[in-house]
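S.K.: Next up is a structure, given as structure tokens.
Read the figures in this text as sums done on the coordinates, not as results from a lab. Quick caveat, the model's predicted, so the values are computed rather than measured. Note: ideal-geometry Cβ built from the backbone for every residue, glycine included; neighbour counts use all protein chains shown.
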Amino acid sequence: MTMCPYCDKVYDESEYSECPYCSGELEEEHGERYFKNCHNCGGVMYWNGSWECANCGEEINTGIDDNDGTIE
Ligand SMILES: [Zn+2]
Ligand SMILES: [Zn+2]
């Protein structure tokens, strides 16, 4: 998997020669969101340019690759 330097979305470079989100091949909203478990409160963090906890407001400045899975 590769993270696009322009939109920070992750895609499979064996399937796409260029970022499918930037090229418009894939829609941004496809029913799945990455999530991460908050180390501070155990709540759920969502990716919004950085990781933000929906519960306690904790922020983590890693990358979208640093997720614990996807939620449908
Ligand atoms: Zn992109
Ligand atoms: Zn939290």
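S.K.: In the chain, if the dipole is taken from +1 on Lys/Arg beta carbons and -1 on Asp/Glu beta carbons about the Cα centre, which of CYS7, CYS19, GLY63 is farthest to the positive end?
M.R.: So the residue furthest toward the plus end is GLY63.
S.K.: Counting other beta carbons within 10 Å of each Cβ, put ASP12, ASP66 in order, fewest first.
M.R.: ASP12, ASP66
S.K.: Evaluate the range 31-72: find the radius of gyration of its Cα atoms, find its Kirkwood radius, and give the ratio Rg to Rh.
M.R.: So for the range 31-72, dividing Rg by the Kirkwood Rh gives 0.92.
S.K.: Just to confirm a number: summing +1 for Lys and Arg and -1 for Asp and Glu over residues other than GLY43 whose beta-carbon lies under 15 angstrom from that of GLY43, what do you get?
M.R.: -2
S.K.: Next question. About its Cα centre, how strong a charge dipole does the range 31-72 have in debye, to the nearest 20, once Lys and Arg get +1 and Asp and Glu get -1 at the Cβ?
M.R.: The calculated dipole for the range 31-72 is roughly 80 debye.
S.K.: Please give me the summed charge of the neighbours of GLU18: other residues whose Cβ is under 13 Å from its Cβ, Lys and Arg +1, Asp and Glu -1.
M.R.: -3
S.K.: Taking θ = phi - 60°, what integer Hz values does the Karplus form 6.51 cos²θ - 1.76 cosθ + 1.60 yield along the range 58-65, in sequence order, with x for Gly and Pro?
M.R.: Values, residue by residue: 4, 10, 10, 9, 9, x, 5, 5 Hz.
S.K.: Given the Cα atoms of the chain, and with Rh set as the inverse mean 1/r over their pairs in the Kirkwood sense, what is Rg to Rh to two decimals?
M.R.: On the Cα set of the chain, Rg over Rh gives 1.01.
S.K.: How much length is gained on full extension from GLU58 to MET3, taking 0.36 nm per residue of separation minus their Cα-Cα distance?
M.R.: Extending this stretch completely gives an extra 17.5 nm.
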